[in-house]
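> Just dropping this structure here.
Only the coordinates and a few stated rules stand behind these numbers; no lab work does. Small disclaimer: the values here were computed from a predicted structure and weren't measured. Note: ideal-geometry Cβ built from the backbone for every residue, glycine included; neighbour counts use all protein chains shown.
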Amino acid sequence: MNLRLQKLRKLLKEQNLDAILIASLPNIIYFTNFSAFTTIDRDAYLLITKNKQYIFTHGIYKEAVEKQVSHFELISIQRENPIGLAVKKLVAEQKINKLGFEAFDLRVNEYDRLVTFINKKILVPTDLVHQLRLIKTPDEIRSIKDACKLGDKAYSHMLKNLRTGITEKKLAFDLEFFIKNHGADISFPPIVAFGSNASMIHHVPTDTKLKRNSLILMDFGVKLNNYCSDMTRTVFTGIATEKQKEVYEIVLNAQKKAVDTLQSSILNPKSLINAVDIDKTAREYIIANGYPSMPHSLGHGIGLEVHESPRLTMISKDLLKPGMAFSIEPGIYLPDEFGVRIEDLYAIENNELKQLTNSPKNFTEV
């Protein structure tokens, strides 16, 4: 944690900032490793200056924070001492003239309350922590791998328990129960879609029952020790149609081509790896085979959040570099018919592309 603070303070110096006010929950976890705060309410803030760090939270968290976040000075916030007033006192005490803040995360009413106490002229919108989280340490990648391993076990368990008559909701519940029963949590609500429902990319599980000779799309993730996994598999019960088989092979080959392009770029030390080029490789292959372009990006970063940078999109300006972890997830979606998506996580380590999810993805009829 101290190394993360050192890196942040280096960025503060480079950006000519005296301090930064952190509101984003994943960013708070990044510096404190404390994950008991919720997203329902604004439970905490961090203020990090050039030589001190403070955590602001409510009394209900006081005991836990004192025990688990001892490297931060705790300041209680309450009606008599709202966050704006608490920060105002430190601004004066620490002589803070330029205060970075996470404008992307604050609600408008939170910002309005803040500037009733603090002169808005000293506030500088910034996203410095994003720059630190973009490149994972070996320990962070190991944490993602651990989440992926449990995800692989969950997928294997689900395959063994597929049966006609089960509903999407029940399968999603069983998946979540398995993950939680193994000491982890889901990184997002599982997507379980049968048949034509799989053409809806973010389908919410329903009471639709699994039939013989149907398609099953499962998109789910594990959150273990604060780090996320994400994986999608598409399988078939009974006998798949020729069209379903064709679409599956095209999606699988699109992923392989994107991976091959990425691996070739990594092996060329002089090559800049543009995320947009990896997206383009898979997207153009799908279109060349007569199917519609993906209505989503080819991939996204993974870490404390299931969706973070880098972005592998048609307009991305991100460069893929060592230490980055991300998904590659091509798909084909045919409304009122079916959809196929295959998603795996990868990381660039020591100038090698490592696949982090390892569940089988060969065409499967169960």
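> For LYS169, give me every one of the aspartates and glutamates with a C-alpha distance below 17 angstrom, ignoring sequence neighbours fewer than eight places off in its own chain.
ASP207, ASP219
> Using Cβ contacts closer than 10 Å as the measure, can you line up PHE72, PHE178 from fewest to most?
So the residues, fewest neighbours to most, are PHE178, PHE72.
> FRET efficiency for VAL366 and THR116, Cβ-Cβ distance as r, R0 = 51 Å, nearest 0.05?
Between VAL366 and THR116 the formula returns 0.25.
> Stretch ALA64-ARG212 to full length: gain in nm at 0.36 nm per residue minus the Cα-Cα span?
48.2 nm
> Here is the link list: LYS280/LYS321; LYS95/LYS136; LYS10/LYS223; LYS180/LYS317; LYS136/LYS317. Which ones come out longer than 25 Å on Cα distance?
From the list (LYS280/LYS321; LYS95/LYS136; LYS10/LYS223; LYS180/LYS317; LYS136/LYS317), the Cα-Cα distance tops 25 Å for LYS95/LYS136; LYS10/LYS223; LYS180/LYS317.
> Please give the net charge around LEU85, taking every other residue with its beta carbon less than 11 angstrom from that of LEU85, where Lys and Arg add +1 and Asp and Glu add -1.
So the surrounding residues net to +3.
> Taking the Cα centre of region 2-133 as origin and charging only Cβ (+1 Lys, Arg; -1 Asp, Glu), how large is the dipole, in debye to the nearest 20?
Using Cβ point charges on Lys, Arg, Asp and Glu, region 2-133 gives about 480 debye.
> Continuing with the same structure: Would you mind calculating the gained length between GLU352 and ASN289 on full extension (0.36 nm times residue separation, minus the Cα-Cα distance), in nm to one decimal?
19.7 nm
> Roughly how many nanometres apart are two label points built 7 Å out from the Cα toward the Cβ at VAL124 and LYS321?
2.0
> Kindly express, to the nearest 10 degrees and within the range 0 to 90, the angle between helix 275-288's C-alpha long axis and the longest C-alpha principal axis of the chain.
Orientation of helix 275-288: about 20 degrees from the principal axis.
> Give me the Kirkwood hydrodynamic radius of region 2-133, using the inverse of the mean 1/r over all pairs of distinct Cα atoms, in Å to one decimal.
14.8
> Hey, rough spin-label estimate for LEU3 and LYS180, points 7 angstrom out along Cα→Cβ, what's it come to in nanometres?
3.5
> Moving on. Starting from the Cα coordinates of region 239-366, work out the convex hull volume and express it per residue in Å³.
Spread over its residues, the Cα hull of region 239-366 gives 114 Å³ apiece.
> So what is the relative contact order for region 2-133, in percent, with contacts set as C-alpha pairs under 8 Å and at least six apart?
Taking the mean separation of contacting Cα pairs over the length of region 2-133, I get 27 percent.
> Under a Cβ-Cβ cut-off of 13 Å, what is the net charge of the residues other than ASP127 that fall near it, where Lys and Arg count +1 and Asp and Glu count -1?
Value of the local net charge: -2.
> Over the chain, what is the mean sequence separation of C-alpha contacts under 8 Å (at least six apart), divided by residue count, expressed as relative contact order in percent?
14
> Could I ask something else about it? What's the extension gain from LYS50 to GLU93 if we count 0.36 nm per residue and subtract their Cα-Cα distance?
14.2 nm
> With the crude spin-label approximation of a point 7 Å out along Cα→Cβ, what separation in nm comes out for ASN225 versus ASN253?
It works out to 4.1 nm between the two label points.
> Can you spot the aspartates and glutamates whose alpha carbon is less than 18 Å from LYS62's alpha carbon? Ignore those fewer than 8 places along the same chain.
ASP41, ASP43, GLU73, GLU80
> With no solvent and one point on each alpha carbon, what is the Debye value of log10 I(q)/I(0) for the chain at q = 0.07, 0.13, 0.14 Å⁻¹?
-0.37, -1.05, -1.15
> With angles folded into 0 to 90 degrees, how steeply does helix 138-160 sit against the dominant principal axis of the chain? Use alpha carbons for both and round to 10.
On a 0 to 90 degree scale, this one is about 40.
> Compute the long axis of helix 83-93 from its Cα atoms, compare it with the longest principal axis of the Cα atoms of the chain, and write down the angle in degrees, 0 to 90, nearest 10.
50
> Under the Karplus relation 6.51 cos²θ - 1.76 cosθ + 1.60, θ = phi - 60°, what is the ordered set of whole-Hz ³J(HN,Hα) values for region 354-366, x standing for Gly and Pro?
Rounded to whole hertz, the list is 10, 7, 9, 8, 10, 5, x, 10, 5, 3, 10, 10, 10.
> Report the Stokes-Einstein translational diffusion coefficient (µm² s⁻¹, integer) for region 138-355, Rh taken as the Kirkwood radius over Cα pairs, at 4 °C with viscosity 1.567 mPa s.
So the translational diffusion coefficient is about 73 µm²/s.
> Right, here's the next one. About its Cα centre, what dipole magnitude does the chain give when the only charges are +1 on Lys and Arg Cβ and -1 on Asp and Glu Cβ, stated in debye to the nearest 20?
Roughly 760 debye, rounded to the nearest 20.
> Report the paramagnetic label zone for LEU159: residues of region 339-363 whose backbone N is under 13 Å from a point 7 Å from Cα along the Cα-to-Cβ axis.
358-363
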